[in-house]
Amino acid sequence: MRGGGEAEGAAYRVTLRVPLEALRGGLLWLTGFAGAFVFVEPSPYEIVSLATIAVFALTGLALRPAIMPLIFLLAFYVIGFMIAVVPVMGQPKTMQWVMISLYMAATATFFAAMLGTNTEARLRLLLKGYMAAAVVATMAAVAGYFHLVPGASALFLRYERAQGTFNDPNVFGAFLVLPALLALQRMFAGRPAQIMRGGALLLFLAVGLLLSFSRGAWGQFAGAAALLLLLTFLTSRSSRERMRIVAIAGIGCIGLALFVLALLSVDQVADLFKERASLQQSYDTGPTGRFGRHALGFLLALERPFGIGPLQFAKIFPEDPHNAYLNAFMSGGWLSGASYLTLVSLTLAAGLRGVFVATPWRGPYLAVYAAFVGAAGESLIIDSDHWRHYFMLLGLVWGLAAASARRCRAAAAGPAAAAPAPPLAGAARQRA
């Protein structure tokens, strides 16, 4: 009787837990999809991501030792802001800025932690939602730029630049980099159907990327795509695969160049492209231009160990820092600045080690890592400290690096240790 009861209880637990993981996966897809809709605050992304974090926290979310450096450095990063905000707490939006930074740190921690279980499936669902968001945002951008829908231009354009469903063309352009890399990666599969679908998707996203007229996003995509090609070439298993990658990359570059030239045949696009493609804009040069402010700001940071507080830089200089690293020092003092620099450096190093581990998720991992490297580079010339997708990339790199290292250790320990744990056992360990 007792044995029968235990068997019935186990079956009951299975029927409950399988839909629970499906619920988690659905929320991850929705979180990725909501990432494109951040034109208001609080945005749909905030609501969906907080609901997703709550469901995972209540049903089992393990903070493994491998991601503790991420958690501690993010904590120091935010604590610096909390200290620096005290003298300016009465000024508008300063506390709100700090709370948003705390929320960003929480999302990065969540994305790293949730990949500790069912890594491949969860990553796939999140990135599928992200890709769908990129397609919708690009459709909105195209509709607004070419006036295809009445009233769309007022919603989806800013300064004659496409912003899609975002509130800034620069963020929109940067958001498209990872989906464009994933589309490029599909072309490496070698099967004609995948090459055609991946190529068509890449060209469509390239339209949105071009129409954002964001020089930083253009540079980020170019650098990240080159890095992705290099990493894919180095991690390929055969010389035949490497030759295919080189051939597809060459054909893809030619096709993309011809496509861009076709877009530039539209006078409206060509005129703004000519203006934006200049390496020196009026706001970049001069003693208080973008790069002049960087130099003056870092000199000021040496004199202010506790910083000057959030949102105070533009009260001393003509504009915001347009440099996430400088902004960390200015808004949170040496504690936030040093934590942020250390965090980015460790992420680049840990992520690079992980890409050379053979795992089922190495393909998308390469794209995520290349996109993070590009975003970290663009952060030298833009304030990316509140970009939702940037902190998503940060958490994903840590989570994937930890999962890859764990798989590598298990493989080294032997076949028995390398075998994945049953889903119920994994879920039980997480709750414990």
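The values are calculated or read from the model by the stated rules, or taken from the named source; none is laboratory data. Just so it is clear, the model here is predicted, and its values are computed rather than measured. Please note: Cβ atoms are built from the backbone with ideal geometry, for glycine as well, and neighbour counts cover all protein chains shown.
For the range 55-70, the condition of being more than 27 Å from Ser336 (Cβ to Cβ), assigned to a helix (DSSP H, G or I) and at pLDDT 95 or above holds for at least one residue.
Say we look at the range 106-121 and pick out the residues that are assigned to a helix (DSSP H, G or I) and among the polar types (S, T, N, Q); which of these is nearest to Leu182 (Cα to Cα)? Spell out how you get there, then give the answer.
Quick first cut of the range 106-121, residues assigned to a helix (DSSP H, G or I) only: 106-114, 119-121.
Now restrict to residues that are among the polar types (S, T, N, Q): 107, 109, 119.
On the way: Thr107: 22, Thr109: 23, Thr119: 17 Å.
Per the stated criteria, the residue is Thr119.
Cβ separations smaller than 6 Å between residues 6+ apart or across chains give the following pairs from the range 371-382 residues that are touching a residue at least 12 places away in the same chain (Cβ under 8 Å) to residues that are aromatic (Phe, Trp, Tyr): Ala375/Tyr390.
Residues checked against (1) closer than 20 Å to Trp361 by Cβ; (2) hydrophobic (A, V, I, L, M, F, W, C):
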position: Ala106; (1), (2): no, yes
position: Arg124; (1), (2): yes, no
position: Val135; (1), (2): no, yes
position: Ala140; (1), (2): no, yes
position: Gly144; (1), (2): no, no
position: His147; (1), (2): no, no
position: Gly151; (1), (2): no, no
position: Gln163; (1), (2): no, no
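When restricted to residues that are in contact (Cβ under 8 Å) with a residue 24 or more places away in the chain and either over 17 Å from the mean Cα position of the chain (by Cα) or crowded, with 17+ Cβ neighbours inside 10 Å (or both), the range 339-351 contains 8. Selection within the range 38-54: residues that are at pLDDT below 90 and of a type outside the set (Asp, Glu). The member of this set that is surrounded by the fewest Cβ atoms within 10 Å (Cβ to Cβ) is Val40.
For the range 379-403, the candidate set comprises residues that are of a type in the set (D, E, K, R) and more than 16 Å from Gly219 (Cα to Cα); within that set, the residue that is surrounded by the most Cβ atoms within 10 Å (Cβ to Cβ) is Asp385. For the range 198-208, check the following and say yes or no: at least one residue is in contact with a His (Cβ under 9 Å, 6 or more places away or on another chain), surrounded by 19 or more Cβ atoms within 10 Å (Cβ to Cβ) and under 16 Å from Val135 (Cβ atoms). So far as the range 198-208 goes, no, none of its residues is in contact with a His (Cβ under 9 Å, 6 or more places away or on another chain), surrounded by 19 or more Cβ atoms within 10 Å (Cβ to Cβ) and under 16 Å from Val135 (Cβ atoms).
If you take the residues of the range 55-98 that are β-branched (Val, Ile, Thr) and crowded, with 20+ Cβ neighbours inside 10 Å, which of them is farthest from the chain's Cα centre (by Cα)?
Across the range 55-98, the extreme among qualifying residues is Val85.
Would you be able to say whether some residue in the range 118-137 is of a type in the set (Val, Ile, Thr), more than 25 Å from His386 (Cβ to Cβ) and crowded, with 22+ Cβ neighbours inside 10 Å?
yes
Leu343 fails exactly one of the following numbered conditions: (1) closer than 29 Å to Leu227 by Cβ; (2) out of contact with any Leu (no Cβ under 7 Å at 6 or more places or on another chain). What is the number of that condition? For Leu343, the failing item is (2).
Out of Val171, Val149, I need the residue that is free of Cβ contacts under 8 Å to residues at least 12 places away in the same chain, among the β-branched types (Val, Ile, Thr) and either closer than 30 Å to Asp271 by Cβ or surrounded by 22 or more Cβ atoms within 10 Å (Cβ to Cβ) (or both). Which one?
It is Val149.
So which of Ala328, Ala376, Ala324 is within 30 Å of Pro179 (Cβ to Cβ), buried (at least 24 other Cβ atoms within 10 Å of the Cβ) and of a type in the set (A, V, I, L, M)? Unique residue meeting the criteria: Ala328. Just one of the numbered conditions (1) under 20 Å from the mean Cα position of the chain (by Cα); (2) touching a residue at least 60 places away in the same chain (Cβ under 8 Å) is not true of Tyr325: (2). Could you go through the range 357-366 and let me know if any residue there is surrounded by 20 or more Cβ atoms within 10 Å (Cβ to Cβ) and within 30 Å of Gln312 (Cβ to Cβ). No: the range 357-366 contains no residue that is surrounded by 20 or more Cβ atoms within 10 Å (Cβ to Cβ) and within 30 Å of Gln312 (Cβ to Cβ). Within the range 209-259, being of a type in the set (S, T, N, Q) and closer than 26 Å to Leu393 by Cα holds for Ser212, Ser214, Gln220, Thr232, Thr235, Ser236. Out of Val269, Val260, report the one residue that is in contact with a Leu (Cβ under 6 Å, 6 or more places away or on another chain) and either at pLDDT below 80 or not in a helix (DSSP H, G or I) (or both). Just one listed residue meets the conditions, Val269.
Each row is one residue, and each column tells you yes or no for (1) touching a residue at least 40 places away in the same chain (Cβ under 8 Å); (2) touching a Gly at 6+ places or on another chain (Cβ under 6 Å).
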position	(1), (2)
Val98	yes, no
Ala106	yes, no
Phe110	yes, no
Gly116	yes, no
Tyr130	yes, yes
Val136	yes, no
Ala154	no, no
Arg161	yes, no
